[in-house]
2 protein chains.
Amino acid sequence: MFGHLNPDTDAIASALVYAHLLSRQGIDAQAYRLGDLNFETPFVLQKAGVEAPPPLPVLEAGTAVALVDHNERAQSAPNLTDLQVTRVVDHHKLGDLTTMQPAFLRFEPVGCTATLLLKLHREARLKVEQADAWLLLSAILSDTLHFRSPTTTPDDREAVAFLAPIAGLRDVTAYALEMFAAKSDLGDTPAAELLKMDYKVFPFGDPARPQSWGLGVIETTNPGYVFGRQAELLDAMRAAKAADGLDGVLLGVVDILNETNRMLVAGEAEAAVVQQVFGAPTLDGVADLGGRISRKKQIVPALEKHFETHS
Amino acid sequence: MFGHLNPDTDAIASALVYAHLLSRQGIDAQAYRLGDLNFETPFVLQKAGVEAPPPLPVLEAGTAVALVDHNERAQSAPNLTDLQVTRVVDHHKLGDLTTMQPAFLRFEPVGCTATLLLKLHREARLKVEQADAWLLLSAILSDTLHFRSPTTTPDDREAVAFLAPIAGLRDVTAYALEMFAAKSDLGDTPAAELLKMDYKVFPFGDPARPQSWGLGVIETTNPGYVFGRQAELLDAMRAAKAADGLDGVLLGVVDILNETNRMLVAGEAEAAVVQQVFGAPTLDGVADLGGRISRKKQIVPALEKHFETHS
């Protein structure tokens, strides 16, 4: 049971809670993580009083696995095609996943995988325990930026309203701000790590010969800090592009409180695409994407559409 | 909203019931079929007092569609990759489906898609109406061969037990026999049609250069009738192989009541594979597969495994 590479709070929380839910249903399940925690998740785990899951070990071919919060191979265990995927709970579009046998798949276009995990508890007529309630509501607040993201659905809002009393949380707004502040306290993290903290590689265009783009996001209440390290970050983006053989690298810097996205653009090739797709010029390595704060709903689909006709 | 090519009772019933369920939830949905009805489905529709869905028209690129009881492109609308798949309810393994946007996907390893549709009613807190109960329970009895198939799960049995009183059905066993008799009354249907009645093309082996095998099934309470037309059927299988550029064609003849499968084998290449995979020699075009009556659970996975290492 694991979430995507470069795990965010949803990837960790959903893995922990789903493993616990299955265990309560008599199915042996253990949560793992694919990569290091970001700065937000330890804060959430501490509030919930839960340990971080261990890193995923190398799995033998044929091992039964469950995926949460992702389904694309590039975001998953390196040998995913050799593993037996038995369960997936996710809120992303369906990519290149296949299964060897009929499996449990639960995908809905909601703001957060954790919202689906609440539904699974209800359908199984199991009460959500307090620590799990903390994890789930934190993941929903994190993924939806406290309902600011356009990915937010009524199900996500209803889930938080339902979970907060179980968690014993009275002031959701204050907690969300505290969580976002923890996430924004980036300290002296090397630029290469900041880039990869919430970072996914997407294939665009012709599936036989896709373009590969690395798309990072830094969601922060303190964008001034990030732009203070702009030169370093642009260097790290160019280095990642060369090292990973990518066709483009972009890093969205999302101002959570003002709901804006100013994007760092690695080079001229990327700047041309950003101009064409979003109508946004790149000045000194930065393109102002306005209110396009959702990678999943606003950035990726637009790039996908572009490369369908330009690859 | 539509089920797979060469629709069986589940493909038709699930499309009708899911379209009705979504309509009751305020979502505009219309059921269609991909191909002609088999001999069982008209009997079921008449019992339920429901009209058959119309054939699927050619859909414009970008049209929103929902799939039931299938997910592989080869079993779906011809231009599926241009359509916007918004919902899938299925109990097969996940194949080459992708979605352009996050979608509703509900897959579970149960015996019948109709079993999942009952769950969707319950989760939406909607009562199943009488005609829908007929359709769903008929689909479950059909797909599981009245619980004889190894694909049967406790959920399928429980669903029929729950639905029968709503449908007003007292003797499930008698109804199942009547339904299977209708299915077995094949009359003077041309052999080419008998072959394609419950027939799917599967890609096996290397996804870049897959082998294509056509796998038909005739489930019948009267296998004597089928074997009386053995020569004709073998000719039709060889013709389909040549016309569709296939690497192999097999036609399982499942004796529903005795739970056995005697398979018609199109040629020597197929016979060699059937011998290797199932240890069953082919004599006069027929291989005795014993109790392997489920294409989904017993035939396809074994062939898949074989071609993974032999293609």
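Derivation of every value follows stated rules applied to the coordinates shown; laboratory data play no part. Remember, predicted model here, so these are calculated numbers, not experimental data. Cβ coordinates were reconstructed from backbone atoms using ideal geometry, including for glycine residues, and neighbour counts include every protein chain displayed.
Between B:Thr81 and A:Leu126, what is the label-point separation in nm under the 7 Å Cα-to-beta-carbon projection?
It works out to 4.0 nm between the two label points.
Angle check, please: helix A:154-167 long axis (alpha carbons) against the longest principal axis of chain A (alpha carbons), in degrees 0 to 90, nearest 10.
The two axes meet at around 50 degrees.
Going down the list A:Lys196/A:Lys297; A:Lys297/B:Lys119; A:Lys183/B:Lys93; A:Lys297/B:Lys297, which pairs span over 31 Å between their C-alpha atoms?
A:Lys183/B:Lys93; A:Lys297/B:Lys297
Scaled to the compact-protein estimate 2.2 N^0.38 Å, what is the alpha-carbon radius of gyration of chain A, rounded to two decimal places?
Ratio of Rg to 2.2 N^0.38 Å for chain A: 0.97.
Put the label 7 Å from Cα along Cα→Cβ for A:Lys127; what are its distances to the other copies, in nanometres, shortest first?
The projected label point of A:Lys127 is separated from its counterparts by 3.1 nm.
With r defined as the distance between the Cβ atoms of B:Leu257 and A:Glu51 and R0 fixed at 56 Å, what FRET efficiency is calculated, to the nearest 0.05?
0.50
Applying 1/(1 + (r/R0)^6) with R0 = 22 Å to the Cβ-Cβ distance of A:Ala243 and A:Thr189, what FRET efficiency is obtained, to the nearest 0.05?
Taking R0 as 22 Å, the efficiency between A:Ala243 and A:Thr189 is 0.75.
Give the residue list of GluC sites (Glu not before Pro) in the range A:14-84 that are DSSP loop and have at most 16 other beta-carbon atoms within 10 angstrom.
A:Glu51, A:Glu60
Which whole-Hz couplings ³J(HN,Hα) result when phi for each residue of the range A:11-22 is put into the Karplus expression 6.51 cos²θ - 1.76 cosθ + 1.60, θ = phi - 60°, listed in order with x for Gly and Pro?
These are the phi-based 3J(HN,Hα) values: 4, 7, 5, 5, 5, 4, 6, 5, 4, 5, 4, 5 Hz.
For B:Leu283 and A:Ile27, what is the calculated FRET efficiency with R₀ set at 60 Å and r taken between the beta-carbons, to the nearest 0.05?
0.85
Compute the separation of the alpha-carbon centres of the range A:42-73 and the range A:261-294 and state it in Å as a whole number.
Computed from Cα coordinates, the inter-centre distance equals 33 Å.
Averaged over its residues, how many other protein chain Cβ atoms are within 10 Å of peptide B:83-96's Cβ atoms?
Mean partner-chain Cβ count within 10 Å for B:83-96: 3.
Using a 10 Å cut-off on Cβ to Cβ distances, tally the other chain neighbours for every residue of B:107-117 and report the average as a whole number.
Taking the mean over all residues of the peptide, I get 2.
Using only DSSP helix segments of four residues or longer, with each worth -39500 (n - 2.57), what per-residue ellipticity at 222 nm results for chain B after dividing by its residue count and rounding to 500?
-12000 deg cm²/dmol
³J(HN,Hα) across the range A:71-85 via Karplus (A = 6.51, B = -1.76, C = 1.60, θ = phi - 60°), whole Hz, x for Gly/Pro?
Ordered by residue, 3J(HN,Hα) equals 8, 7, 4, 5, 9, 10, 4, x, 9, 3, 5, 8, 9, 9, 7 Hz.
What distance in nm separates the two pseudo spin-label positions at A:Asp171 and A:Arg157, each 7 Å out from Cα along the beta-carbon direction?
Output for this residue pair reads 2.2 nm.
Give, in whole angstrom and from largest to smallest, the semi-axes √(5λ) of the equivalent ellipsoid of the protein assembly as shown, with λ running over the eigenvalues of the Cα gyration tensor.
Semi-axes (√(5λ), whole Å): 48, 27, 22.
Would you mind listing the distances between the B:Ala269 label point and the same position in each other copy? Use 7 Å along Cα-to-C-beta, nm, one decimal, shortest first.
Inter-copy label distances (nm, one decimal, shortest first): 4.2.
How far is helix A:130-143 tilted off the main Cα axis of chain A, in degrees rounded to 10, range 0 to 90?
It works out to around 20 degrees.
Residues with amide H under 5 Å of A:Arg33's amide H, sequence separation 5 or more or different chain, H placed in the peptide plane at 1.01 Å from N; which?
A:Leu56
For chain A, set up a Gaussian network in which alpha carbons nearer than 10 Å are linked by springs, and say which option among A:Leu257, A:Leu195, A:Leu137 fluctuates the most.
Most flexible of the set in this elastic network: A:Leu257.
Taking K and R as +1 and D and E as -1, what net charge do the other residues with C-beta under 12 Å from the C-beta of A:Val128 add up to?
Overall, the nearby charge balance is +3.
Name all residues of the range B:70-106 having a backbone nitrogen under 16 Å from the label point set 7 Å from the Cα of B:Lys119 along its Cα→Cβ direction, giving them as ranges.
B:70, B:88-94, B:104-106
What are the distances, in nm and sorted shortest first, from the label point of A:Leu177 to the label points of the same position in each other copy, with each label point placed 7 Å from Cα along the Cα-to-Cβ direction?
7.4
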